[in-house]
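Everything below concerns the one structure shown next.
Nothing in this text is a laboratory measurement; each read-out follows from the coordinates by a stated rule. Since we're looking at a predicted model, the values are computed, not measured. Neighbour counts run over all protein chains shown; Cβ positions are idealised from the backbone, glycine included.
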Amino acid sequence: MNVWVEAARPPTLPAAIAPVVVGTAAASRLVLWRFAAALVVALGVQVAVNYANDYFDGVHGVDTPQRVGPRRAVASGLVAPARMRAATAVALGVAAVAGSALSAAVGWELLGVGLACFVAALAYSGGPRPYASSGLGELFVFVFFGLVATVGSAYVHDERVVAVAVAASVPVGLLATAILVANNLRDIPTDGAAGKATLAVRLGHHATRLLYIALVAGAFAVSAASLPVMTSSFWPLLVVAALPLSVRPLRAVASGATGGALVPAVAGTGALELAFAVLLAVGLVLA
């Protein structure tokens, strides 16, 4: 696999795609170029987060030969730190161009949202107190790849906050958070040894596994409890069709799998979120 594609961590990209798809479906109208621009913004920020994490974990010695999972470009010597820094800036630049176009068409209030996203993306693993190392990474993912991205994607079409998008953002955010939890569960030994106090390191294996199960179950439960009521339709229950995709990652996490055995759980959770989002989007359009 191309080193830049690998460093972008494709299994995590559903966390960027899902909220845009669901938010767009929650809107009352569709403007195709705005959908495309919102998708570029979300993917640009997600790739920037992943590149920045590769850079900072590489230069700070968090990524070591003992780490399992996909190769890290900087730590493995495949990419020089300066090039990864530049790639992070390019990803944010692409997102900024698309975001500026949306701001010009919809409202300049989107610039404030975009700036917050950019700062959060860099502060995730960079700066004097990276919050990924303070147990706050999951909160960042839930807020920005759940609430902000979903509600924002509906906002760019309807130019107002859409209540259904707010409700739909919760299960989307829960599944995006589950991707990170599975990833950090796998990395507990190496993160702990490097002094990176992620939420998983702080909670330990058992509690982190319970958290993962609660996030996945919560996504389905929240959808079933809120969206049929808000839309006066049972179509949003189409998400139940994604349940089979949850079996393998749930089994891996619940069975006590560690290290490399958890790699498929990360990718499986990403696939689950993407399928969940597509089904939910179809349900919202039909409702």
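List of remarks:
- Tabulated pairs, segment 238-264, first free of Cβ contacts under 8 Å to residues at least 12 places away in the same chain, second basic (Lys, Arg) and surrounded by fewer than 18 Cβ atoms within 10 Å (Cβ to Cβ), C-beta under 9 angstrom, 6+ apart or interchain: 257/251
- Test: residue in segment 182-202 that is within 30 Å of residue 34 (Cβ to Cβ) and out of contact with any strand residue (DSSP E or B) (no Cβ under 9 Å at 6 or more places or on another chain): no
- Among the residues making up segment 1-53, those that are under 30 Å from residue 235 (Cβ atoms) and either outside any helix (DSSP H, G or I) or touching a strand residue (DSSP E or B) at 6+ places or on another chain (Cβ under 9 Å) (or both) are 13, 27, 28, 29, 30, 31.
- Answer from 208, 177, 231 - the residue that is surrounded by fewer than 20 Cβ atoms within 10 Å (Cβ to Cβ) and touching a residue at least 24 places away in the same chain (Cβ under 8 Å): 231
- Residue in segment 3-23 that is more than 21 Å from residue 260 (Cβ to Cβ), more than 17 Å from the chain's Cα centre (by Cα) and crowded, with 19+ Cβ neighbours inside 10 Å present: no
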